[in-house]
Amino acid sequence: MLPWLVAMSEIGFLVLGLALSTFAIRYAGYALGAAIPQSGYWARVMGALPGCLIVSLLALLISQGDRTVWLASLLIALFATRVQNLALVMLTGMGLIALLRHLVPQVL
Amino acid sequence: MSDVPGKRMPFREFQAGLIEIWPLGLGVLVYGFAFGVLTVQADMTLLQTGMMGAFVFAGASQIVAVERLVTDGAVLSGIVAGSVLNLRFLLLTASLCSELGGRPFWQIALGVHMTGDESWALMLSRKNQGQAVGYWYLVGGGCNLMLCWLASTMAGNSFSSFIADPMAWGLDFAFTAVFIALLRTFWKGRAVSLRPWMVSVAVVMGLQWLGLESSWTLMAGGVAGAAVAGCHV
């Protein structure tokens, strides 16, 4: 694996770094499972962290996009409140943004 | 599949997990393909894409890390941002003590590596329904998802050349749509989630306006929102 990493330069380091950190996090969760408080401040922080990270990521992605991305995100958010199928929401989003890019830029 | 409580053979349990997670595997196939196309934009080879899928096996963090690499060329911030997004695994695997406890190290390592949002949720859901599922069901589900993830990401990497302009197909928006769809599963009601989420958005917008690099902005937004959530009693 080492020659592969040397040859792959920054991508190799990205893969190795992320693989090691991800495994460490997963294993640490098991190892510390009994010690993590089941209630209280830190339990609430850890419970809310994933949702807050995804909200932050979406805020970044959408704010860095153009007007078609803003409009598509709004429409997909409304669609996702009705449809729970992940693949369907994703395919609809892709179709919607493709359509908007072809048809709407002149209007917006 | 029988839902009568009782100890099952590991292979039967593994097989049940492998089969019953198929609907979730289909979802993985779709956005795995889109991620595979993204890996081409990062100049990743088929082998690198496969290695990343096998050794990291955490879709959202892979997407964020490669997206960081494509956007900023920043390896370290890609690792950090991906790792922060993976912090939720702490809670997932922390809840698996009864499934993982008392097993040899290799089984614990395999079990935690195969733990994903979907396999973890499905196993606990079946368990709550009274089915005799546990460690091997989790691993079976994880194996299915890993196969779907590897096949779709490598297919996306291999056939991206047939897609002349990914933006024209809307592939660059695929992950935004997926995250929007995933977000609803994290909503715990207005009283609990609204204020932390608003704080996260405000921090992201503020730091972006100040010109901070996006990965750090992402982490600051997530941590700030979670810190506020911790104060909610």
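The values are calculated or read from the model by the stated rules, or taken from the named source; none is laboratory data. Every value quoted in this text rests on a predicted model; they were computed, and no experiment measured them. Backbone-built Cβ (ideal geometry, glycine too); neighbour counts: all protein chains shown.
General observations
- Residue check, residue B:174 touching a Pro at 6+ places or on another chain (Cβ under 6 Å) and on the phi < 0 side of the Ramachandran plot: no
- Among the residues of the range B:186-212, those that are more than 7 Å from chain A (Cβ to nearest Cβ), assigned to a helix (DSSP H, G or I) and either surrounded by 14 or more Cβ atoms within 10 Å (Cβ to Cβ) or of a type in the set (Lys, Arg) (or both) comprise B:190, B:192, B:195, B:199, B:202, B:203, B:206, B:207.
- All told, residue B:136 falls short of being surrounded by 23 or more Cβ atoms within 10 Å (Cβ to Cβ), in contact (Cβ under 8 Å) with a residue 60 or more places away in the chain, within 14 Å of another protein chain (Cβ to nearest Cβ) and not β-branched (Val, Ile, Thr).
- Check on residue B:155, of a type outside the set (S, T, N, Q), crowded, with 24+ Cβ neighbours inside 10 Å, more than 22 Å from residue B:73 (Cα to Cα) and more than 17 Å from the chain's Cα centre (by Cα): no
- Where residue A:100 falls short, out of the listed (1) assigned to a helix (DSSP H, G or I); (2) within 27 Å of residue B:224 (Cα to Cα); (3) more than 7 Å from chain B (Cβ to nearest Cβ): (2)
- When B:110, B:91 are checked against the criterion of being modelled with pLDDT of 90 or more and assigned to a helix (DSSP H, G or I), B:110 stands alone in meeting it.
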